[in-house]
Amino acid sequence: MKKIECEIIEVQDYPIPGIVFKDLTPVWKDQDLFNILIDKMTEIWVECEIDTVASIESRGFVVGAPIAYKLNAGFVPLRKPNKLPREVYSQAVSLEYGETEIQVHKDAFQESKKVLIIDDLLATGGTATAAFKLIPENLVTGFGFMVELSELNGRKKIEEISDARIESLVIYD
Ligand code: AMP
């Protein structure tokens, strides 16, 4: 996995002072690396009978949708406020650098049995735990991330509310 790590660019003080932003776009634009990335993030879950991948707008969609396709699963977008046209459930999200909200259609998981939550990056775990709370109890089978910033303890935050498996491809200590 060394190569993926090498292509991630660290941007100091973005979007606010004190944050080191991991710019993942160089990995996504490289056709070989993007292929490897999606294959690796998918193969972890192939035996898990995932029927639904839920991803978080917007960077989560970049990895979530191709993983859903490869797992032969459906895709559910967890979106920023006021983007979904029908009735929604909402959850507040506290980020490493601010506050927001995510929403999902109320009927999105009606036929789901095993849901995989996918996002680009795990930092404080605020987004992933909010996503978990939007999904009916016992359906979440796993959490998959491209990158994990382990010193921000997002994994611990998820483990406080869920027993589901947590897998990250690139982990920064
Ligand atoms: P968190 O809720 O703190 O785990 O933050 C996760 C979300 O915020 C992910 O969807 C990322 O896209 C974004 N994010 C948070 N911190 C960073 C960072 N240092 N670099 C890049 N993206 C970040």
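Within the chain, the longest run free of exposed loop sites, counting GluC sites (Glu not before Pro) that sit outside DSSP helix and strand states (H, G, I, E, B) and have at most 14 other Cβ atoms within 10 Å, spans 1-48. Quotient of the Cα radius of gyration of the chain and 2.2 N^0.38 Å, N being its number of residues: 0.98. Note that segment 61-116, at 25 °C in a medium of 0.890 mPa s, gets a Stokes-Einstein diffusion coefficient of 193 µm²/s from its Kirkwood radius over C-alpha pairs. Would you mind checking 29/157; 22/157; 3/29; 40/156; 70/113 for any pair whose Cα atoms are more than 25 angstrom apart? Pairs exceeding the cut-off: 29/157. Ordering 172, 136, 147 by Cα displacement along the dipole of segment 63-173 toward the positive end leaves 136 in first place; charges were set at the Cβ atoms of Lys, Arg (+1) and Asp, Glu (-1).
Averaged over its residues, segment 26-112 has an accessible area of 56 Å² per residue, based on protein heavy atoms and a 1.4 Å probe. Across the accessible surface of the chain, with the other protein chains kept in place and a 1.4 Å probe, carbon and sulfur atoms take up 46 percent.
In this simple spin-label approximation, residue 12 and residue 30 carry label points 7 Å from Cα along the Cα→Cβ vector, and these lie 2.4 nm apart. Close amide H pairs (under 5 Å, H built 1.01 Å from N) link residue 53 with 74, 75, 76, 116, residues at least 5 positions away or on another chain.
Each residue of segment 125-139 was assigned a 3J(HN,Hα) from its phi angle through the Karplus expression (A = 6.51, B = -1.76, C = 1.60, θ = phi - 60°), giving x, x, 5, 5, 6, 5, 4, 4, 5, 7, 10, x, 3, 6, 7 Hz with x at Gly and Pro. Mean sequence separation of contacting Cα pairs (under 8 Å, at least six apart), scaled by the length of segment 48-172, corresponds to a relative contact order of 24 percent. Each of residue 95 and residue 43 was given a label point 7 Å from its Cα along the Cα-to-Cβ line. The distance between the two points is 3.3 nm. Listed by chain and number, the lysines placed with their C-alpha closer than 22 angstrom to that of residue 106 are 80, 83, 114, 133; residues fewer than eight positions away on the same chain are left out. Full extension of the chain segment joining residue 172 with residue 137 gains 9.6 nm, where the gain is 0.36 nm per residue of separation less the Cα-Cα distance. A cut-off of 5 Å between modelled amide H atoms, ignoring neighbours fewer than 5 places along the same chain, links residue 14 with 19, 21.
Among the trypsin sites (Lys or Arg not before Pro) within segment 73-173, those in coil by DSSP and having at most 14 neighbouring Cβ atoms inside 10 Å are 83, 86, 106, 113.
The values are calculated or read from the model by the stated rules, or taken from the named source; none is laboratory data. What you are looking at is a predicted structure, and each value in this text was computed from that prediction instead of being measured. Note that each Cβ is placed from the backbone with ideal geometry, even for glycine, and that neighbours are counted across all protein chains shown. With ligands, DNA and RNA removed, areas are computed over all heavy atoms of the protein, side chains included. Shrake-Rupley method; radii C 1.70, N 1.55, O 1.52, S 1.80 Å.
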